[in-house]
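So the structure is just underneath, and the comments pick up after that.
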């Protein structure tokens, strides 16, 4: 008895007919079309969302880090702040031993007082020199006039004595000589007559007296002549002396006129003294300024960071002791690719996602750097050797925050953030 086995029928078009049968179903076709539309809508929405913004995670919080350094050499006497302490502008941070600088201020003040005293003396010297010089000139001119007058008087006296006075004395001598000769002759003639008693004794005595009187007058006139000659010599010496006094007075006038140049010199001394006063004032101000540097104060509000100073430490000028970071003036430095910045410009809206808080904060673009980060690095790449490889560069963009909500969020320089700029 035989068994009948039925062979399966193989139809290669059965699967295709089955697919065509499903696509022929309206519900299936609607589901596929709706799915495709939704997929295109999602792709279009994603493209639209991403096309209007640029984002980078190569960004961090940045801020002004104010280094605090000593301006003078000295030993730290007191430190008034702790690490990570918040300080206010003008708050005293460090006190340096001020005794050396106080001594310099005292020296500068004493030097200023000395310079001021010298300046006052120099100022007084100017009118004094003017008055003294003027008086000396007038006195010399008066001396010349007096010497000339004395010379004129001496010359007149010499002329008078050497002419009229001497001639009169000589005439008197000649006259008295003649009278004496006549009187002596009369006396000689009368002597024999009185002996013969031809004349009386009384008459003879008159002749004797006349002879003696004539001799006396002759001697007196001779003495007057000698005195007149001596007076002529005296008057001539006086005239010569008066003439020399004129020369001496002229020399005094020349000296007084030469002293006129002392007045500009005194003025120059006064100007120099005033300059010394200004120099002393500047030195005092410099000393007081150095003294003020012994008290280091906070230039701004912020947090003390990287404190490296303790009491007793010796500080050098320019030595940094710590830094103050103002947390209320921070911004974002975002390094965008150069291909992302074609539509970015200052003033555009931005959003910063802070990893620390897991929140995003509103912000705006303030500025774009003038060069790429690689160009501004310490060792910029040199592509002139022929090994150039084109690499997309990054350009720093400065983004500033809008006022943070609630005032409870603190952003510190160096924190990682993600920056997004809305380009439309």
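Quick note: the coordinates plus some simple rules give every number you see, no bench work behind them. Predicted model, so just to flag it, every value in this text is computed and none were measured. No Cβ is skipped: glycine too gets one built from the backbone with ideal geometry, and neighbour counts run over all protein chains shown.
Across region 88-116, the residues whose backbone nitrogen lies under 16 Å from the label position 7 Å along the beta-carbon direction of residue 327 are 88-89.
Full-extension gain between residue 404 and residue 306, please, as 0.36 nm times their residue separation minus the C-alpha to C-alpha distance. If you can, show how the numbers build up before the last one.
Values: separation 98, 0.36 × 98 = 35.28 nm, distance 2.67 nm.
Value of the extension gain: 32.6 nm.
By how many degrees, between 0 and 90 and to the nearest 10, does the Cα long axis of helix 26-51 differ from the longest principal axis of the chain? Approximately 10 degrees, to the nearest ten.
Helix 99-160 axis versus longest C-alpha principal axis of the chain: approximately 30°, rounded to the nearest ten.
With everything on Cα atoms, drop me the angle between helix 14-23 and the longest principal axis of the chain, reported from 0 to 90° to the nearest 10. Relative to the chain, helix 14-23 is tipped by roughly 60 degrees. Annotation: extensible slack from residue 36 through residue 102 equals 15.0 nm (criterion: 0.36 nm per residue apart, minus Cα-Cα distance). Entry note, the chain: the mean residue ellipticity at 222 nm calculated from DSSP H runs of n ≥ 4, each adding -39500 (n - 2.57), is -19000 deg cm²/dmol after division by the residues and rounding to the nearest 500.
Between 30, 120, 267, the Gaussian network model of the chain with springs among Cα atoms under 10 angstrom shows the greatest mean-square fluctuation at 30. GNM on the chain, alpha-carbon springs under 10 angstrom: the most fluctuating residue among 57, 100, 205 is 205.
Result for the chain in a Gaussian network model with C-alpha springs under 10 Å: among 64, 343, 176, the largest mean-square fluctuation is at 176. Exposure proxy for 239, 415: other Cβ atoms within 10 Å of each Cβ, ordered fewest to most, give 415, 239.
Look at 337, 307 and count the other Cβ atoms within 10 Å of each Cβ; fewest to most, that gives 337, 307.
When you have a sec, figure out the Kirkwood radius of the chain from all distinct Cα pair distances and drop it here in Å to one decimal? One over the average 1/r among Cα pairs gives 37.1 Å for the chain.
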